[in-house]
Amino acid sequence: MKIVLVLLMIFMSIHVYAGQTHELKIVKQVYNINADSPDKMYQFIPDYLEINTGDSVKFLGTVGRHTVHSVRDMIPDGVKKIAIMPRQPNVVLFDKPGVYGINCKLHQRHGMVSVIVVGGNLDNMAKARVGVKWVSPQSRDKMNRLLDKAEEKF
Ligand SMILES: [Cu+2]
């Protein structure tokens with residue numbers, strides 16, 4: 001009887017584990033030489049993303065040399081900052097819910113910023129709004145618009 005119970009528990013835990021599907025999302029980092037303005041030339045595509053807690057994002061610096069950096073104060077408390085230089089491993093696991101502001105260090109002045117909302121959680125939104133000041137002046141409006149989008153949704 002005890003063995004049956006143990007086996008049942010093992011089976012159930014495997015089942016629960018299998019039920020959690022964590023996705024891998026793709027974000028492109030593009031350099032479009034034909035764009036009519038610099039803010040369209042350098043972009044994260046998409047620049048706004050909603051994912052589930054535990055999903056990962058693969059950043060493809062498809063053309064050009066791009067970085068992926070979390071913006072200071074635009075990341076949930078206690079989460080290790082994101083800092084990916086060109087040609088480094090580029091998959092980020094997002095296992096803590098909240099709002100993440102991301103930029104490319106090289107092109108943030110051209111609007112190369114993005115927002116990722118993990119688990120529909122906006123607990124750190126107020127701090128993230130303040131953190132917009134750490135983004136290049138040219139990209140602050142865009143960053144705020146991306147945060148607006150999150151607030152409209154959740
Ligand atoms: Cu870039």
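Read-outs: derived from the displayed coordinates by stated rules, not from any lab. Bear in mind the structure is a predicted one, so any value in this text is a computation, not a measurement. With ideal geometry, Cβ positions are generated from the backbone for all residues, glycine too; neighbour counts draw on all protein chains shown.
Points worth noting:
- Scanning the stretch 111-136 for residues that are within 16 Å of the ligand (Cβ to nearest atom), aliphatic (A, V, I, L, M) and either without any contact (Cβ under 8 Å) to a residue 12 or more places away in the chain or part of a loop (DSSP other than H, G, I, E, B) (or both) yields M112, V135.
- Residue within the stretch 95-114 that is among the hydrophobic types (A, V, I, L, M, F, W, C) and over 14 Å from the mean Cα position of the chain (by Cα) present: yes
- I84 being in contact with a strand residue (DSSP E or B) (Cβ under 6 Å, 6 or more places away or on another chain) and crowded, with 18+ Cβ neighbours inside 10 Å: yes
- Of all residues in the stretch 126-139, none satisfies being basic (K, R), closer than 22 Å to F59 by Cα and either crowded, with 17+ Cβ neighbours inside 10 Å or in contact with a Gly (Cβ under 6 Å, 6 or more places away or on another chain) (or both).
- If you go through the stretch 92-110 and keep only what is assigned to a loop (DSSP other than H, G, I, E, B) and surrounded by fewer than 24 Cβ atoms within 10 Å (Cβ to Cβ), you end up with D95, K96, P97, K105, L106.
- Among strands (runs of 3 or more DSSP E) entirely within the stretch 24-73, having at least 1 residues that are in contact with a Gly (Cβ under 8 Å, 6 or more places away or on another chain) and more than 10 Å from the ligand (Cβ to nearest atom) singles out 48-51, 68-70.
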